[in-house]
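J.: One structure is given below, represented as structure tokens, and several questions about it will come after.
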Amino acid sequence: MSNSRLIDVVVVGAGPHGLAAAAHLGRVGVVTRVFGEPMSFWERNMPIGMLLRSAYRASSISDPTGSYSLDRYQAAHAVALSRPVPLADYLAYGHWFQRQAVPDVVDRRKVIEVKRDPESFSLSVEDGEPFRAKRVVVATGIAPFAWRPPQFSTLPPDVVSHSVEHRDLSEFAGRRILVVGGGQSALESATLLHEAGAVVEVVARARAIRWIRSEGTKRHGPIKRLAIFLLYPPTDVGPPGWNWIVATPDLFRLAPTNVQAEVVRRAIPPRAASHLLSRLGRVPITTGRSIVAVSMVQGEVRLGLDDGTERRVDHVLLATGYRVDVSRYSFLAAQLVESLHLLDGYPPLRPGMESAVPGLHFVGAPAAWTFGPVMRFVSGTTYGSRALTRRVLGRRPLPLSFSF
């Protein structure tokens, strides 16, 4: 391992947060290498036909000069993206961003292990080649964190799955599917299943589905735009008032724990985009109910609800979200994980997205415990990349900065 070349920064993961980090670091001359397939989670784990829930203005991947925004992508390709942005178009944008912003630093091999050495980090990739890095940035996303309620653990995998496991929902055409959940993933999955010819029902614990207004394409005058900006910062996470705390990760980090909890509760409750309503048709949505009994009888799944009713289906699709636990990142050595001092699965972070292990940084969802809900979204790439770059350069963190 001592004969391997020492790299300034290795970024593990090539989604929006990893690509943004590399773009910012490369701009200031930091020797950086990104490991991973660009946009792989979006390409392999998001369903065909999906539309982005995030607003257009909150969906550009951050680069230091703003040269590779969605607006610039449209201009370069002479196209007009519809709103909400279709997944296929966003994938094309993400790959274009990678080719333009970080064309020469992406290594598509998978990182197998990251360990801490006395002077650096040692990494091994899938073909066994060793690397060393002064710093490592973990940007591998949420795929390992899919949450499966324990009552479904008795069912075989061919009759229960998580929404993250499916790229093409047309495989369920003609089958009876129960979708569990009340957020965007649940309602989007139900829509796509319905359109593919499945017989679908949604069951959610929430008393009602929270619908959020879909983004339009109407152009506003300067006064209206200012009013929209004051009420809704470009990060597009959370309701008015609370969204400014979310858009200011330094403010969130310094807030008392009870305030942080309230911000999270208000900013990211299960919600779904209202544009799905017209597409759902007559798909039944049962709210305020929990599934209390699960069994397999004669090849079908039988589910008992807490109101005494029963459902019989061919498959259960769990759209039950994600719970961060970085110990589930298989490439992090056990000694590293132990040194992170995890809190409910999250690594507490210092300014610059740095963990309790000096030189080991986290961006994206694992940073949300410290820097707030915006880190779960593409709009969090702005703050995360800038803060990381300042730390790598040895500069003091800014007293207060926004994620836009």
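J.: With axes computed from alpha carbons, what is the tilt in degrees of helix 222-231 against the longest principal axis of the chain, rounded to the nearest 10 within 0 to 90?
T.: 80
J.: Out of Pro150, Pro351, Pro64, any idea which swings most in a Gaussian network model of the chain, alpha carbons joined below 10 Å?
T.: Between Pro150, Pro351, Pro64, it is Pro150 that shows the largest mean-square fluctuation.
J.: If you don't mind, there's one more thing I want to ask. If I model a spin label as a point 7 Å beyond the Cα along the Cα-Cβ vector, how far apart are those points for Arg350 and Ser170 in nm?
T.: The modelled label-to-label distance comes out at 5.3 nm.
J.: So, one more: Tabulate in residue order the Karplus-calculated ³J(HN,Hα) for the stretch 196-201, using 6.51 cos²θ - 1.76 cosθ + 1.60 with θ = phi - 60°, rounded to whole Hz; enter x for Gly and Pro.
T.: So the J values, rounded to whole Hz, are 8, x, 7, 9, 10, 9.
J.: Connecting C-alpha atoms closer than 10 Å in a GNM of the chain, tell me which of Arg282, Arg271, Arg27 has the biggest fluctuation.
T.: For the chain, modelled as a Gaussian network with Cα springs under 10 Å, the answer is Arg282.
J.: Which whole-number percent is the relative contact order of the chain (Cα, under 8 Å, 6+ apart)?
T.: Details: 831 pairs, mean separation 83.4, N = 404.
That works out to 21 percent.
J.: Calculate one ³J(HN,Hα) per residue across the stretch 58-65 by plugging θ = phi - 60° into the Karplus curve 6.51 cos²θ - 1.76 cosθ + 1.60, and present them in order as whole Hz with x for glycine and proline.
T.: 3J(HN,Hα) across the stretch 58-65, in whole Hz: 9, 10, 6, 6, 6, 9, x, 10.
J.: Would you pull out the residues with amide H under 5 Å of Met50's amide H, same chain only if 5 or more places away, H placed 1.01 Å from N?
T.: Residues meeting the criterion, in which the H sits 1.01 Å from N, are Leu87.
J.: Nearest-5 percent of antiparallel DSSP beta bridges in the chain?
T.: Working: 24 of 56 bridges.
The antiparallel proportion sits near 45 percent.
J.: For the stretch 300-404, place one equal point scatterer on every Cα, skip the solvent, and apply the Debye formula. What is log10 of I(q)/I(0) at q = 0.17, 0.20, 0.23 Å⁻¹?
T.: -0.80, -1.00, -1.23
J.: Still on this structure: Ignoring the sites themselves, what is the longest stretch of the chain with no GluC sites (Glu not before Pro) in a DSSP loop and at most 12 other beta-carbon atoms within 10 Å?
T.: Working: sites that count: Glu119, Glu126.
Between exposed loop sites, the widest span is 127-404.
J.: Placing unit charges on C-beta atoms (Lys and Arg positive, Asp and Glu negative, everything else neutral), compute the dipole magnitude of the stretch 282-404 about its Cα centre in debye, rounded to 20.
T.: Details: 14 positive and 9 negative charges, 135 e Å.
It comes to approximately 640 debye.
J.: Let me ask another. Given the chain, report the % of alpha carbon pairs whose separation exceeds 35 Å.
T.: Value for the chain (Cα pairs over 35 Å): 30 percent.
J.: With unit charges on the beta carbon (Lys/Arg positive, Asp/Glu negative), name the residue among Pro397, Trp96, Trp369 whose Cα is farthest towards the positive pole of the charge dipole of the chain.
T.: Pro397
J.: About the Cα centre, and with charges only on the beta carbon of Lys, Arg (+1) and Asp, Glu (-1), how big is the dipole of the chain? Nearest 20 debye, please. Provide the component values of the computation, followed by the final result.
T.: Working: 48 positive and 34 negative charges, 265 e Å.
Dipole size: approximately 1280 debye.
J.: Still on this structure, please answer the following. Taking the Cα centre of each part, how many Å lie between the stretch 36-85 and the stretch 153-184?
T.: Each part's Cα centre sits 26 Å from the other's.
J.: I've got another one for you. Neighbouring Cβ atoms within 10 Å as the yardstick, rank Thr287, Thr382, Thr32 fewest first. Mind showing how you got there, number by number?
T.: Working: Thr287 13, Thr382 27, Thr32 23.
Neighbour counts put them in this order, fewest first: Thr287, Thr32, Thr382.
J.: At a Förster distance of 41 Å, what's the computed FRET efficiency of Ser295 paired with Arg44, Cβ-Cβ distance as r, to 0.05?
T.: It comes to 0.80.
J.: Okay, next question. In whole Hz, what ³J(HN,Hα) sequence does the stretch 5-18 give by Karplus (6.51, -1.76, 1.60; θ = phi - 60°), x for Gly and Pro?
T.: For the stretch 5-18, the Karplus-derived couplings read 6, 8, 9, 4, 9, 9, 9, 9, x, 10, x, x, 5, x Hz, x marking Gly and Pro.
J.: Where does the stretch 1-155 land on Rg(C-alpha)/(2.2 N^0.38 Å)? Mind showing how you got there, number by number?
T.: Details: Rg = 17.6 Å, N = 155, 2.2 N^0.38 = 15.0 Å.
Against the empirical 2.2 N^0.38 Å value, I get 1.18 for the stretch 1-155.
J.: Continuing with this model, one more query. So which residue, out of Leu192, Leu70, Leu277, gets the largest mean-square fluctuation from a GNM of the chain using Cα contacts under 10 Å as springs?
T.: Leu277
Each value in this text was obtained by applying a stated rule to the coordinates, not by laboratory testing. This is a predicted model, so every value here is computed, not measured. When we count neighbours, we look across all protein chains shown, and the Cβ atoms used for this are built from the backbone with ideal geometry, even at glycine.
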